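Q: Questions regarding the structure given below will be posed in turn.
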Amino acid sequence: MIRPSDLAYLGAAAANIPGQNPKTLRIASEACPVYTSTKVDTTLCNVKVGDKLFLSQIVGACNAPICGGTWTAAQTNVGMTFNQCDLSFTVTGLNGCGKYILSNTGGACGDFTIEVNIDFASVTAPEIAGDQTVCSSTTPTAFSIVTPATGSGAITYQWQKSTVSCSAGFTNITGATSSTYQPSEVSQTTYYRVIASVQGGCSFPLKQCSDTSNCATIKVASALATATPGSCNTATNQYSISGIISLTNAIAGVATITDGTVSTSITIAASATSVAYSMTGLVSDGTSHPVTVSLAGCGSATATYTAPASCTVAPCGLVMTLTPGICASATNTYVLSGSVTATNLPTSGTITITSGAFADRLIPVPAGNASGPISYSGLISNGQAYTVTASFSNTACTPVNQTYTAPASCSVTPVCAMSAAASAGLCASATNAYSASVAITLSNAPAGTITVSLPGSTPIVQVLAANTSSFTAVFAGLVSDGASHTATISLPGCGSTTATFTAPVACSVAPVCSMSAVVTAGICQTATNTFSSTAVVTLSNPTVGILTITNGPASQTFATTAVTTATFTAVFDGITSDGSSRTLTAALSGCGTLTQTYTAPSSCSAIPVCSLSARATAGVCNTATNTYSSTAVVVLTNPTTGTLTIIDGPQSATFATTAGSSATFTVGFTDLVSDGSLHTVQATLSGCSSTTTTYTAPSSCSVAPVCSLSVTVSVGTCATATNTYSATATVTALNPPAGASLSVVTAGRTLVFSTTAISQNTFVATFNGLTSDGVNRPVVVSLPGCGTTSASYTAPASCSVVPVCSVSAVVSTGQCSTATNTFSNTVTVTMTNPSAGTLTVSDGVRSVTVIVPATIGTVTAPAVFNGLVSDGSLHTLTVSLPGCASLATTFSAPVSCTTCSLSITTASLPNGQVGTAYSQTLTASGGTAPLSYSVSVGSLPAGLSLNGTTGVISGTPTSATNASFTILLTDGKACSDAQPLTITTSALPVCSLTATATAGVCNTATNTYTVTGSVSATNATANQSLTISVGSVYTTVALTGNGPVSYTLVGLVSDGLAHTVSVLSSATACGTANVTYTAPLSCSIASAGLGDYVFLDANKDGIQNTGDTPISGVTVILYTNGVASATTVTNASGFYSFTGLTAGISQSYVVGFTPQQVIRPRLLCQVPTKLKTRMLI
């Protein structure tokens, strides 16, 4: 039921008052004199047939009842009837408009009319569905309509959204007026609904009825991550991290957590709110690390932490000693010997010894500590000084240098000689390749470049120092072909030689190279509307070369090596998201080209693209000024907020822009010179783009007046305080071009003025601070397009004399302080007329500096030296001021004022062993802190070092030696004591290898056997690689420490002979090992054949004589152990045979013939004598 309050009264009618008698309609008292009509015009929504509508009262003092009036239905009335007794309307139909008019005559208010117009409309909103959870930057699916909207007329729609709730905060979505809606990307939970409306047909103005749908919700999945690092593990210098991934509206899937090259994956459940993770094996480096959590297809989150600092052992160090021998008169050469010690090497690597005296030498070393002797013989005696450098392949170790002087020449240099030998390594079955070594022996070699050439390979070139004795060139990756090859060696001044070797035969067929690729497109980034694509290319049996991966205009390259498989990953960033199909290409020479297509994500940015367009027109030439005006119109589409700049030659205009769909800006440029040239107008908006347009200026319409220049100069007087003056140049420019630069130059100084397009410009150029020197000087004026003019003047003569700068110093020496045995020294420096600069006062290695400004007169500056040792010595003090003067003076320090009681109490030190950690603390008595220890004479054993503060000698000895040295101890009062000491370090035990070998049984199928055994070491100092071989069969195993390690050699031929297993170690200090065993006897079974001729024995002597006729077509049957096992027929020569028979006595063979003749069967091949054959004759 719709109550009377639902009706709206228009015009001067007062408001309804509930509770009053609804059967009386009254007129407001203030309206009585003029109130002649009232109109009720409304639209009623969703009423039903039979509903009763009541008129309410109109408040006022007039109490005229209206029952006396008459209600009359309008001719157009459709859909309601009126009950005059209770002033109500009853709905009879919903397809039209109800209209009634009440006329009243007389009463307190006089005659009046009430017109009631009622418009009926109905609408029901649709029921929508589409609740969903999406990833950030992912477009949701469109909402579906479960139940369509219905209405009494045409239905209009307005979709709304809210980020508050399903009941509050809704705003209209611009442009969303269809019955369906596709939501755009959202970054937070968002609520949607649609309002359906139907418009009435006869109310004035027309009104609407509306209904609101149910609410649909889109939730956004998001993640936050934390990362907490653990402490550094000193054993591995590694640490682990742990953290929590906090999830909102989680989507089921897999999350990948990445920290640099380390990553892990965890499963995310749809209901999860948080997930814990951890990662191990991260290197402690003290740097900032980002941890990225990637949800499959759903964005990522990042947390940053600082890794613990490295906790590895002390940094590595190198020590080198060198001793040159005496000159050998027979060869004019000498021997350079010495040693290299390395400590705390972070990894295994190579120590390189370089010098101009000899060729570079590479020494492989293990991680940790290593030492060994070095020796170079045959070096030319020339008396020169040489620097030798030892460096480690890892840059963490600082190179060490040692300089020595070669002995003087003692004879005439002999003639150079050279020989060479070449050898080939084994064929590598994986690559069918081998390495060849060319060993060159030299005597009396001059310095120069040696070249080793091998056909089909790149020559090896090496610069050799004079008197190099040997050089080895290694050619790797040679194809195993079994052919003979010759290497050619040449050295200028020493001739050339050759060396020949035979390559191993081919041992494998190179596998075919193949390639596959997987391309994955990332999600669209809304901030840039771009995405990243990742290409993973897998190569099988790749060739050596360059792999090129191309994605559109971008490409990346990777170096490939000859391995079984290799995988390369290329990431391309900043690709525009446009939903198009894209092609990725991978190419490797010798392996072919592969293409792979993928689809870019659709555009994810709703931000419209800003663009500019411009046009420009030129006006006509003004004959009075020969100028014109240009007009530029710039249209902006989707402009950004900023400043638009429009430029036409020297003129420009700016406009403030706001973000919007489009805007147009017009600017006029005046007083442009008419010259008929092509002009470019440029429009630029920051954050948008720039554009240009051109137009042609009108041709000149008047004759320009001639431009000319003139200048006059006036000179001021000399200022005695500064010995300077001022010069003023007055320049007159007639008819100058506009916007040109007029320059005025004198005494090396320039002033520049800009001209304007008027008939006369006057410029005044004043030059101040010019030096008064009485010299005649020119003033030159130039203006492009107008020429140059000049005038001269004479500078005033000098009017002052520059005062002379001088320096003096007074030294005040303090007394000796008994607490520290030191004194202070104060130097007072007096400067007269100093120039600007830095005053330096020095006492030995100590100095004090003072910044001095240029001053006329006398100034003083103190310099104080504290903590000087009281020792009664003579000190020299120097004072200098650049551009002024310098001086030196001496003074004596006060004598010592304290008694020294410092003493080193350590009388001896224990001995050490190479490779074993050593640590001893020096002890002392007396003295004043701080104490300082140092080695004053000799040196500690290689690998040991002295802590100057604690007096601890520590480290790991690297070589055997008997080191004598002197420790110097100094205290805070400059007291000292010295103590000679000795440390003897003994060598490590000799490393050796031991091997065992056991031969297996013979395999009858292949007549081969297998050897198994083990290898162990004694006194090994590091891990090593072992090559174990018997003849051409070999294997490689890794020996950890002293081992043991097992090995197996297969495919050895059973021959019953003695064989030797050879073991070769990568650690040359451990040498080699051999062990002998006896192979099993051959186990292959010999096979035999049986056959002969069938003939007509004419003389019956049992021998096939000349003339005995062969018999063909005879059937021959072979019986094995009495059973027929094979049949054959004699040929035209009467010959028959049976092959594949078993040799020995294990089988009995008999042959039968049809027809039977006199024959003599013979063996086809050699049959062992134990074979018994019975023949049927």
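Q: What residue among Gln920, Asn768, Asn1105 has its Cα farthest toward the positive end of the dipole of the chain, where the charges are +1 on Lys, Arg and -1 on Asp, Glu, each on the Cβ?
A: Checked the options; the winner is Asn1105.
Q: Treat the count of other C-beta atoms within 10 Å as a stand-in for reagent exposure and order Met80, Met279 from fewest to most.
A: Listed from fewest to most nearby Cβ atoms, that is Met279, Met80.
Q: Can you tell me the relative contact order of the chain? Whole percent, Cα pairs under 8 Å, sequence separation 6 or more.
A: The normalised contact order for the chain reaches 3 percent.
Q: Given C-alpha coordinates of the range 704-847, what is the ratio Rg to Rh with the Kirkwood estimate of Rh? Show your work: numbers first, answer last.
A: On the way: Rg = 27.4 Å, Rh = 19.8 Å.
When Rh is taken as the Kirkwood radius, the ratio is 1.38.
Q: At a Förster radius of 51 Å, what calculated FRET efficiency corresponds to the Cβ-Cβ distance of Thr788 and Val859, to the nearest 0.05?
A: 0.60
Q: Follow-up. I need the shape label for the range 984-1133. Rule: rounded when a/c is under 1.5, else prolate if a/b > b/c, else oblate, with a, b, c from the alpha carbon gyration tensor.
A: It is prolate, given that a/c is not under 1.5 and a/b is the larger ratio.
Q: Can you give the % of DSSP beta bridges in the chain that are antiparallel, to the nearest 5?
A: In the chain, approximately 95 percent of DSSP beta bridges are antiparallel ones.
Q: With an 8 Å Cα cut-off and a minimum separation of 6 or more residues, compute the relative contact order for the range 313-414 in percent.
A: 35 percent
Q: Along the positive direction of the dipole of the chain (beta-carbon charges: Lys, Arg +1; Asp, Glu -1; about the Cα centre), which of Asn214, Ser457, Val935 reaches farthest?
A: Farthest towards the positive end: Ser457.
Q: Let me ask you something else. For the range 123-220, what is Rg from Cα atoms divided by 2.2 N^0.38 Å, rounded to two decimals?
A: 1.14
Q: Let me ask something else about it. First measure r as the distance between the Cβ atoms of Ser919 and Ile363, then evaluate 1/(1 + (r/R0)^6) with R0 = 41 Å and state the FRET efficiency to the nearest 0.05.
A: Between Ser919 and Ile363 the formula returns 0.90.
Q: Right, another one. Zone of Thr1048 (label point 7 Å along Cα→Cβ, backbone N under 12 Å): which residues in the range 1006-1026?
A: 1010-1013
Q: How do Phe120, Phe1153 line up, fewest other C-beta atoms within 10 Å first?
A: Values: Phe120 27, Phe1153 19.
Placing the least packed residue first, the sequence is Phe1153, Phe120.
Q: Using the alpha carbons of the chain, what is the convex hull volume per residue in cubic angstrom, as a whole number?
A: Given the Cα convex hull of the chain, per-residue volume reads 558 Å³.
Q: Something else about it: Normalized C-alpha radius of gyration of the range 177-275, against 2.2 N^0.38 Å?
A: In units of the globular-protein estimate, the range 177-275 measures up at 2.01.
Q: Now a separate question. What is the spread of the Cα atoms of the range 611-696 along each of their three principal axes, largest first, in whole Å?
A: Sorted from largest, the Cα extents of the range 611-696 read 43, 18, 18 Å.
Q: In addition: Hey, with R₀ at 41 Å, roughly what FRET efficiency would Thr395 and Asn911 work out to, going by the Cβ-Cβ distance, to 0.05?
A: The value I calculate is 0.70.
Q: So which chymotrypsin sites (Phe, Trp or Tyr not before Pro) in the range 629-684 end up in coil per DSSP with only 15 or fewer other C-beta atoms within 10 Å?
A: none
Q: Report, in debye and to the nearest 20, how large the dipole of the chain comes out about its Cα centre when Lys and Arg carry +1 and Asp and Glu carry -1 on their Cβ. Write out the running numbers ahead of the final one.
A: Working: 24 positive and 31 negative charges, 182 e Å.
Dipole size: approximately 880 debye.
Q: For the range 676-686, what does the Karplus curve 6.51 cos²θ - 1.76 cosθ + 1.60, with θ = phi - 60°, yield as ³J(HN,Hα) per residue in whole Hz, taken in order and with x for Gly and Pro?
A: Once rounded to whole Hz, the list reads x, 8, 7, 10, 10, 9, 10, 10, 9, 10, 4.
Q: Would you kindly calculate the translational diffusion coefficient of the range 1035-1077, applying Stokes-Einstein with the Kirkwood radius from alpha carbon pairs, for 20 °C and a viscosity of 1.002 mPa s, and quote it in µm² s⁻¹ without decimals?
A: Numbers: Rh = 12.4 Å.
The Stokes-Einstein estimate is 173 µm²/s.
Q: Still on this structure, I have one more. With only alpha-carbon pairs counted, each pair once and no self-pairs, how large is the Kirkwood hydrodynamic radius of the range 464-602 in angstroms? If you can, show how the numbers build up before the last one.
A: Working: mean 1/r = 0.0525 Å⁻¹.
Computed over Cα pairs of the range 464-602, the Kirkwood hydrodynamic radius comes out at 19.1 Å.
Q: Report the equivalent ellipsoid semi-axes for the range 906-986 in whole Å, largest first, defined as the square roots of five times the eigenvalues of the gyration tensor built from alpha carbon atoms.
A: 24, 12, 10
Q: Which parts of the range 866-898 would a label at Ser976 reach, counting a residue when its backbone N lies under 20 Å from a point 7 Å out along Cα-to-Cβ?
A: Within reach of a label on Ser976, which here means backbone N under 20 Å from a point 7 Å along Cα→Cβ, the range 866-898 contributes 867-876, 893-898.
Q: For the range 121-270, calculate the relative contact order in percent as a whole number, restricting contacts to Cα pairs under 8 Å that are 6 or more residues apart.
A: It rounds to 23 percent for the range 121-270.
Q: Next up: Arranged by the count of other C-beta atoms within 10 angstrom, fewest first, what order do Thr693, Thr468 take? Before the final figure, lay out each step's value.
A: Details: Thr693 17, Thr468 25.
The order, fewest Cβ neighbours first, is Thr693, Thr468.
Q: Can you tell me the Rg and the Dmax, both Å, for the Cα atoms in the range 516-598?
A: 13.6, 43
Q: Based on the Kirkwood radius over alpha-carbon pairs, what value in µm²/s does the Stokes-Einstein equation return for the translational diffusion coefficient of the range 313-414 at 20 °C and 1.002 mPa s?
A: Answer from the Stokes-Einstein relation: 149 µm²/s.
No lab work stands behind these numbers, since they all come straight from the coordinates. Nothing here was measured: the structure is a model prediction, and the numbers come from that model. Positions of Cβ are generated from backbone atoms using ideal geometry, with glycine treated the same way; all protein chains shown enter the neighbour counts.
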